[in-house]
Amino acid sequence: MGGTQSAAKRILVLGLDGAGKTALVQTIVQEQIDTLFPTQGLKINFTAREGIRLAFWELPGLPQFRPQWQGYYDGVDMMVFVVDGANPKRMLEARLTLKTVLHSPVVTGVPLLVFANKCDRVNKRSPPQIVNLMKLGDIRDRHWYIQACSATTGEGIDAGLEWLLTELKKGKLAANARAVTSREVTRRHRDMLAEMVAGYNKGSERDAAGEGEGEGEGGGEEDALLTLRDIQLRFEKQSGVLYAASCLIVALEEREIPWKKVEVGVCVRVGGRVGCALK
Ligand code: GTP
Ligand code: MG
């Protein structure tokens, strides 16, 4: 198969009616700002930044549409909440609306960018004032960031997107790490630990039967029977090496760089009885 194009990151754009969501997305995707009417349904706009494809899913902010927002939470990579930063009278409503959104378990941990829009207006509130008014400091279950901006002049939008892209890249790294952990590391660690424990049990049986020490391949001190505590300590130490090796293999395979297996990549010896190779 040829080069695969990664799926666009889904960015859910929410906020009260009139906050400036449509104007903001139009500015981001470099469309001319049309005459704006309240949005009536889902609007999706695509763009790309720093090689990352972005899909802005914008939902209407009028109160009658807000209960429908939750139908779009699944699979979201980032949330953008747009606030009219020049309208303190609606901050409480914005705060409670955002609180309801963040309460949904479907979006737990999804990073949040708050755009304090309309910063071109004279009565704009500063980001720290908006943090206070909207009690953003209470948000502890995800990364969040507030950026003053103006959809009309374009001010602040790039700075907000820079944070957004950094978060999305972090998310990609975390997803890779999770994939590595589940596929390679877990299997190898499980096998290695099983062999260590099997070696420990065998050793215990031999001891119970009165056989002497030093009969293993390694001989001498190395052959002394290890306690489970020793095994745990060695396992902890070696698992770091295995993790690094597994990450490397997965990275090579993902990039289709050929690599060769050698007989012993990582070797763990417990009491001279167990040899665990990374194969
Ligand atoms: P709904 O679709 O009803 O949810 O509203 P919305 O959040 O999409 O708001 P929209 O983008 O339609 O903007 C509402 C009004 O605010 C429009 O008249 C815009 O021109 C105006 N507006 C949006 N952004 C800005 C801004 O940064 N500065 C100023 N001065 N006006 C803005
Ligand atoms: Mg709109």
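Remarks
- Of all residues in region 145-174, those satisfying the criterion of being surrounded by fewer than 16 Cβ atoms within 10 Å (Cβ to Cβ), within 26 Å of ASP120 (Cα to Cα) and of a type outside the set (Val, Ile, Thr) are GLY154, GLU155, ASP158, ALA159, GLU162.
- Of all residues making up region 65-75, the number that are in contact (Cβ under 8 Å) with a residue 60 or more places away in the chain and either of a type in the set (S, T, N, Q) or in contact with a helix residue (DSSP H, G or I) (Cβ under 6 Å, 6 or more places away or on another chain) (or both): 1
- The C-beta contact set for region 39-56 (first residue among the charged types (D, E, K, R), second residue in a loop (DSSP other than H, G, I, E, B), distance under 9 angstrom, 6+ apart or interchain) comprises LYS43/LEU59; LYS43/PRO60; ARG53/GLN5; ARG53/SER6; ARG53/ALA7; ARG53/ALA8.
- Note on region 13-64: among residues that are of a type in the set (Asp, Glu) and within 27 Å of the chain's Cα centre (by Cα), the one that is farthest from ligand 1 (Cβ to nearest atom) is GLU50.
- Checked against the criterion of being more than 17 Å from ILE11 (Cα to Cα) and at pLDDT 95 or above, the candidates ASP158, ASP120, ASP141 yield just one match: ASP120.
- For region 98-130, the set of residues classified as within 11 Å of ligand 1 (Cβ to nearest atom) and surrounded by 13 or more Cβ atoms within 10 Å (Cβ to Cβ) consists of PHE115, ALA116, ASN117, LYS118, CYS119, ASP120, ARG121, LYS124, listed by residue number.
The values are calculated or read from the model by the stated rules, or taken from the named source; none is laboratory data. None of the values given here were measured: they were computed from a predicted structure. Note that we place each Cβ from the backbone using ideal geometry, even for glycine, and neighbour counts take in every protein chain shown.
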